[in-house]
1. Does region 245-382 come out rounded, prolate or oblate, given a ≥ b ≥ c as the square roots of the eigenvalues of its C-alpha gyration tensor, rounded meaning a/c under 1.5 and, failing that, prolate meaning a/b above b/c?
2. Stretch T613-E269 to full length: gain in nm at 0.36 nm per residue minus the Cα-Cα span?
3. Evaluate the distance, in nm, between pseudo-label points positioned 7 Å from the Cα of D385 and of T48 along their respective Cα→Cβ axes.
4. Eigenvalues of the Cα gyration tensor times 5, then square-rooted: what semi-axes does that give for region 62-159, in whole angstrom, largest first?
5. Hey, what do the phi angles of region 302-310 turn into as Karplus ³J(HN,Hα) couplings, whole Hz, using 6.51/-1.76/1.60 and θ = phi - 60°, x for Gly and Pro?
6. If amide hydrogens are placed 1.01 Å from N in the peptide plane, which non-local residues have theirs closer than 5 Å to the one on L271?
7. Zone of E219 (label point 7 Å along Cα→Cβ, backbone N under 18 Å): which residues in region 419-453?
8. Pick out, in residue order, every one of the trypsin sites (Lys or Arg not before Pro) in region 301-397 that is DSSP loop and has at most 14 other C-beta atoms within 10 Å; say none if there are none.
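All of the numbers you see were taken from the coordinates with simple rules; none came from a lab. As the structure is a prediction and not an experimental result, all values here were calculated from the model. No Cβ is skipped: glycine too gets one built from the backbone with ideal geometry, and neighbour counts run over all protein chains shown.
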Amino acid sequence: MTFAREKRWLLGWLALLAPLPLPFNDLLEWTVVAAYWIVVLAFLRRATREDVEWLPNWAANVLGLLYLPFLWFDLRSLWRGQLVKPLVHLILFTLAVKLFALRRERDKWHALFGAFFLFLAAMATSVHPAILVYMTVFLVVAVLTLTRFAYFHVLAAFGHRERDPARLPLRGFIAGAVVSTLIVAIPLFLFLPRVRTPYILGRGAGTGTIIHGTGFSDEMTLDGIGSIRGDRTVALRLAYDGGTPPNHERRIKIITYDRFAGTYWKRSEKLENGPPFSGGFFRLAPMAAMPPKYWMTIWRQRLDSAGLPLPVEAVAIEAPVWRLESDRGGGVFFTVPPMEVTQYRAGMGDEPLLRGLPPSGPDDPTLDTTGITERMRTLAKTAVDQGGKSSPAASVESYLTSNYGYTLDLTAPRTDNPIDDFLFNSKQGHCEYFASAMVLLLRSQGIPARLVTGFLGAEYNPIEGYFIVRQNNAHAWVEAWMGASVGWRQFDPTPVVGRPASEPMSVALVLQQAWDFVQFRWDRYVLTYGFYDQLQAIGRLRQAWNQLWTLFAHKKAVPTPVPEGIVAPQTSAPLADPPAGPWQTWGAALVMLILIGGALALLRWRRPPLTATRAYAQMRRRFERRGLTAGEAVAALEIRRRAVRQFPELRRETERVIELYLRESFGAVPVSAAERAELAAALDDIRRGLRKNGRKAA
């Protein structure tokens, strides 16, 4: 294959690989990338042929002018002012045209730059850990392309343009260059200057639009939670600081709803003042009456909700914000929905603390009678009567749990009132139907009630030691007013078989949990890695250095004094991780050494077998380091004469290496396996002899 054809072949594969992540990022339509790949494959087919006519410059310019109206339409109508997608479309078009117009050498470099811009677009808009695999593969292909381009350029300068070039041993160089680049990239990523907020603002970001999370949201329809029961995406991670509350079922409250609109619920009204901040915490209950007994660290993933998920036992919140909001039902909210993984802590008591304002009278939203029919009133009275001495709310809860079935396979309601249809016709539904029905039945008997959504249950991840709350843990239940002396109490009318439950332990679950762990670390320490994380990393490096210095200095470390009066500013930085133990302190360094050692071992393992030419070059370098004059112009026999005169004890080894070198270089006779072993032994003897000779001279 000639130089020109191989260059075109390498450019084609690089162009084929460059936009691969873009359709997965929702930055490029699959139809567009499929059309682009068809064009590139057609180019690769033509690239192997010699008698091919390529586009002249005037034809490429005409195609560019014809694209301008579509670019205007793309900006003005298709994406309404968004720049990213139209620009990516333009780069794809330009690169596709340029591939068919490679008439001059500089045209190939233009195509290479176009592929690089596509690579930058893919990297800047990708948030999945798999992007590391793509980056590594692209880096290998790019290094190979650049190396071959440079090689062809050197050969062409000496007049070698059409003959097949000699095969270069590039495997070790490319592997070393890629591994070195990745190793250097790690400290650069850790310590390059950051802005106040993370670079990536959400999964799939990059199109210029607001990206909404899937799964749990602030909207409460009668099929919202049921539609995500099969979604195993992680929503929260929970870790207990110390002991676990007894009988803790991990019920996480987020949002309350009090007005029914027939097919959906309206959220409770927000209050003017949110939870008060005092003593470093947002207080949900008086500190003296209900001090926190247990603490839970919560990592909130990107949700399509402003809600702050909290265990129902929460009495205090430690969050990296300066203000929180709350509603009449006791739900707590961020003032601005976070776009990244958010870490905070919740202080808990032994029993659920159901916050919220008491009913204010007959016009209170929790007594709204919208959706209640006459036969609902009759059914509610029957359920209360059957409950006997139980409270009315407990009687209704028991009646629904015992007499109705749980299902996710629902047909369209037969009437305009789906709850009435559920109670008297289908008698099957999921948690939203059960909770909605209980609220309406209680209100029909004059009992204030409201609907609550959040998560129920969690799955323990033994790899990291935290609990995972997935989207399919989403659940709806009821809070009912039991009088001024008791307050609000929670009820769950959904049958036990329909409540979220953890999957039994299996190999598939362990693998999924391992992937969850990787993704969590990726989200926390890559996507949302910011300025305050850098300060923490520098602090840990300083701590490790002090420990290392103390270890070798054999003296006790003296803590650095902190000036009095210095107060840490209140920021929106992520909360600090728990204090690092010996493994956390040295673990990263140990892992890095293992990775570097493994890479070097891999390079050594993949190194080509020893030849007489390589052995001769190594011997020359060792002699030069010991003062033997052996420039490039000095012949091998002269090297032998000088070496024998200066190092007579190495005469036999030197003559053998040079003998095999001359036979291989000028007689084209490769060394055998036994001779390779002989060469390796001779090099070792020369190395030891020169070292011994150096010690004598010293």
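1. Because a/c hits 1.5 or more and a/b exceeds b/c, region 245-382 counts as prolate.
2. Taking 0.36 nm per residue and subtracting the Cα distance, the gain is 115.5 nm.
3. Once both label points are built, they end up 8.6 nm from each other.
4. They are 30, 22, 6 Å, listed from largest to smallest.
5. Result, rounded to whole Hz: 5, 10, 7, 7, 8, x, 9, x, 9.
6. Those qualifying (amide H under 5 Å, at least 5 residues apart or on another chain) are S326, D327, R328.
7. Within reach of a label on E219, which here means backbone N under 18 Å from a point 7 Å along Cα→Cβ, region 419-453 contributes 432-433, 453.
8. Taking region 301-397 and a limit of 14 other Cβ atoms within 10 Å, the loop trypsin sites (Lys or Arg not before Pro) found are R323, K389.
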